[in-house]
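Only one structure is covered here, and it is reproduced in the block below.
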Amino acid sequence: NAGVTQTPKFQVLKTGQSMTLQCAQDMNHEYMSWYRQDPGMGLRLIHYSVGAGITDQGEVPNGYNVSRSTTEDFPLRLLSAAPSQTSVYFCASSYANRNTEAFFGQGTRLTVV
Amino acid sequence: DAKTTQPTSMDCAEGRAANLPCNHSTISGNEYVYWYRQIHSQGPQYIIHGLKNNETNEMASLIITEDRKSSTLILPHATLRDTAVYYCIVRPSGSRLTFGEGTQLTVNP
């Protein structure tokens, strides 16, 4: 079982560069989300999606874009990276409108210099 | 979503039960209590959840008070591998997870 797969695991960007963090799940989950975690802090929600074609903002959406063209994939785009976006990024998926667990990927560690 | 309050850190001896408290005094009738843990910056891992009845699975037990304003996660025989940050989250069915700061549990040999 692959679960939730995030790529890459590590990335170093220069300020102003753009990149896409990939997230894929093979559990046919409707709900997918992106979090960031800064050192010593809890996870903060960036964007989420309740199904293909539907996305919405979380607590800290500025500087990030998302799209959901398929059920399986939920990429996170940084259009112009800033040092403040240095963080660990986690993707999660779950069934929507059910009392079940969410599954998390192993994270992407991003450094912006 | 209801706000939760957890101690910043706790210690437990290996082999003993670890009891992690969580206060959620503003919980609504349709909100569930979820517990996740995060081991050394890995992705969070689901542990258990409940509405108002006590729950048990292979990992832990969840005790929810009758007024639902607080709960306790119990790891019956803590091991060194249970050292992690434990997050208590309350949320309505199917909605997004909002993480607080959690409790750093350290299991000592």
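FYI, it's all coordinate maths here, none of it is from the lab. No experiment lies behind these values; they were computed from the predicted model shown. Heads up, the Cβs are rebuilt from the backbone with ideal geometry, glycines too, and the neighbour counts pull from every protein chain shown.
Things to note:
- Subset of region B:29-76 that is farther than 22 Å from residue B:107 by Cα and small (Gly, Ala, Ser) - its residue that is farthest from the chain's Cα centre (by Cα): B:29
- For residue B:41: the one exception among (1) farther than 23 Å from residue A:6 by Cβ; (2) in a loop (DSSP other than H, G, I, E, B): (1)
- Residue A:74 vs. criteria touching a strand residue (DSSP E or B) at 6+ places or on another chain (Cβ under 6 Å), within 11 Å of another protein chain (Cβ to nearest Cβ), under 24 Å from residue B:89 (Cβ atoms) and not charged (D, E, K, R): no
- When region A:16-59 is limited to residues that are under 18 Å from residue A:108 (Cβ atoms) and among the polar types (S, T, N, Q), the one that is surrounded by the most Cβ atoms within 10 Å (Cβ to Cβ) turns out to be A:33.
- The residues in region B:62-76 that are farther than 20 Å from residue B:25 by Cα and small (Gly, Ala, Ser) can be counted, and the count is 0.
- Top-ranked residue of region A:102-113 - restricted to ones that are part of a loop (DSSP other than H, G, I, E, B) and within 14 Å of chain B (Cβ to nearest Cβ), ranked as surrounded by the fewest Cβ atoms within 10 Å (Cβ to Cβ): A:106
- Counting only residues that are surrounded by 20 or more Cβ atoms within 10 Å (Cβ to Cβ), facing another protein chain (nearest Cβ under 9 Å) and of a type in the set (Gly, Ala, Ser), region A:77-101 holds 2 of them.
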